[in-house]
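To start, the structure under review is shown below, and the notes come after it.
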Amino acid sequence: MKFSFKNDYSEGCHPNILQALVQSNFEQQAGYGEDEYSLQAKKLIKEKIKNQDSEIYLVSGGTQANLIVISAILRPYQCVISAAPGHILNNETGAIEATGHKVLSIDTQDGKLRPSDIIPVLESHGNIPHQVMPKLVYISNSTELGTVYLAHELEELSEFCRQKGLYLFMDGARLGHGLTCEINDLTLERVAELTDIFYLGGTKNGALIGEAIVINNKELQPDFAFNIKQKGALLAKGRLLGIQFMELMKDDLYFDLAKHANVQAMKIKNAMKERGVQFLSDTYTNQIFPIISNELIEILLEHFEFFVWKKIDDQSSAIRLITSWNTSDKAVERFIEIIKKELQ
């Protein structure tokens, strides 16, 4: 059986979560997120971010979180700014546009947005009221290219957004990986201080399903629950999400799992670098993009599953390898063994 490096959600969930679901299965609990597990999970998240005034909502997936947040924040004539690789642009079937909100795309080399990237967009949308109004900046951390925002970068972007009257929303589908990589200097508390809204991704980090939306800006908190319900995201058995995030937040399991994924990816990255392999982007999280020959790609595909990300030339392509919270040493060692054999 091939080991998959296609994504970080091929497995079910961490055993602690499965055990907690089984143990609580016959308990009667309130519905719609009012169960004791969801309330405890929200309490633990507030403790982690050190902000009791933030509001927490648990939903089933990342696309759902992005759709609900953006459609709830923006008025009909407002739009969202995103880096070109952004998930809302490329992997959500036009979900944001389907709610009537345009997504303005910005090309960047590393998938991150900076004030200098956004200024031209604002300057080109000053024909009031004939153009859509930019109001929300959407970023991912880690990004779709595996890169991360350093503290000074997020601070500068946050300050810029506040000066320009823009909301800042962080897609945290892989936030655990971003915050536990070796070059990171951000904390979860600081992320909460610098963003209006972000979410903690569970689906890609040990949960069966689930993302925790964290609303830090009090202006955006009123009536948000109506948007959750209207978009079909308010689970009757909300305990399913609450139990998972309660387990992930306990004893920092969430961050331990993300760190394991990062460590496994770096083993592969370092082994390939030692043999002269170049990378599409310099990443330190659980996504890496090595550029290798098409011949080597075919050999690796006999043993592993992964995406061929981008054609470089007639002889080579960049591939994307994603490690997960459960990626074994055996799988990594086998991959490195083949690399060493073929790139002597």
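Structural remarks
- Condition met for LEU18 (over 19 Å from the mean Cα position of the chain (by Cα), within 30 Å of ILE288 (Cα to Cα) and open to solvent by 70 Å² or more (accessible area, probe 1.4 Å)): yes
- Within the stretch 299-306, not a single residue is in a helix (DSSP H, G or I), touching a strand residue (DSSP E or B) at 6+ places or on another chain (Cβ under 7 Å), open to solvent by less than 50 Å² (accessible area, probe 1.4 Å) and in contact (Cβ under 8 Å) with a residue 12 or more places away in the chain.
- Matching residues in the stretch 308-328 - criterion: being of a type outside the set (Ser, Thr, Tyr) and touching a residue at least 24 places away in the same chain (Cβ under 8 Å): TRP309, LYS310, ALA318, ILE319, ARG320, LEU321, ILE322, TRP325, ASN326
- Checklist (1) open to solvent by less than 40 Å² (accessible area, probe 1.4 Å); (2) of a type in the set (Val, Ile, Thr); (3) more than 23 Å from ILE322 (Cβ to Cβ) applied to ILE119, failing item: (1)
- From the options SER71, SER60, SER82, residue that is in contact with a strand residue (DSSP E or B) (Cβ under 9 Å, 6 or more places away or on another chain) and touching a residue at least 60 places away in the same chain (Cβ under 8 Å): SER60
- Pairs, first in contact (Cβ under 8 Å) with a residue 12 or more places away in the chain and among the charged types (D, E, K, R) in the stretch 189-208, second open to solvent by less than 40 Å² (accessible area, probe 1.4 Å) and in a loop (DSSP other than H, G, I, E, B), C-beta under 7 Å, six or more apart: ASP196/ASN216; ASP196/ASN217; LYS204/ASP8; LYS204/ALA173; LYS204/ARG174
- Tally, over the stretch 167-191, of residues that are in contact with a helix residue (DSSP H, G or I) (Cβ under 9 Å, 6 or more places away or on another chain) and farther than 21 Å from GLU247 by Cα: 12
- Restricting attention to the stretch 307-344 and to residues that are in contact with a strand residue (DSSP E or B) (Cβ under 9 Å, 6 or more places away or on another chain) and among the basic types (Lys, Arg), the residue that is most open to solvent (accessible area, probe 1.4 Å) turns out to be LYS330.
- Residues of the stretch 120-135 that are out of contact with any Pro (no Cβ under 7 Å at 6 or more places or on another chain) and either part of a loop (DSSP other than H, G, I, E, B) or not hydrophobic (A, V, I, L, M, F, W, C) (or both): PRO120, GLU123, SER124, GLY126, ASN127, ILE128, PRO129, HIS130, GLN131, VAL132, PRO134, LYS135.
- Selection from the stretch 34-57 of residues that are surrounded by fewer than 21 Cβ atoms within 10 Å (Cβ to Cβ), touching a residue at least 40 places away in the same chain (Cβ under 8 Å), over 26 Å from LYS135 (Cβ atoms) and not acidic (Asp, Glu): LEU39, GLN40, LEU44, LYS48, LYS50
- Index of the failed condition, ASN141 passing every other in (1) open to solvent by less than 40 Å² (accessible area, probe 1.4 Å); (2) over 15 Å from the mean Cα position of the chain (by Cα); (3) closer than 22 Å to PHE289 by Cα; (4) not basic (Lys, Arg): (2)
- Among (1) under 28 Å from GLY12 (Cβ atoms); (2) free of Cβ contacts under 8 Å to residues at least 40 places away in the same chain, the one test that VAL148 misses: (2)
- Exclusive hit being within 17 Å of the chain's Cα centre (by Cα), at negative phi and either among the acidic types (Asp, Glu) or not in a strand (DSSP E or B) (or both), set LEU168, LEU157, LEU179: LEU179
- Flag if ALA151 is aliphatic (A, V, I, L, M), at pLDDT 95 or above, within 30 Å of ALA318 (Cβ to Cβ) and in contact with an Asp or Glu (Cβ under 6 Å, 6 or more places away or on another chain): yes
- Any hit, the stretch 225-234, residues being within 30 Å of GLN163 (Cα to Cα) and either modelled with pLDDT under 95 or aromatic (Phe, Trp, Tyr) (or both): yes
The values are calculated or read from the model by the stated rules, or taken from the named source; none is laboratory data. All of these numbers come straight from a predicted model, not from anything done at the bench. Please note: Cβ atoms are built from the backbone with ideal geometry, for glycine as well, and neighbour counts cover all protein chains shown. Quick note on the areas: whole protein, heavy atoms, side chains included, nothing else; ligands and nucleic acids left out. Shrake-Rupley method; radii C 1.70, N 1.55, O 1.52, S 1.80 Å.
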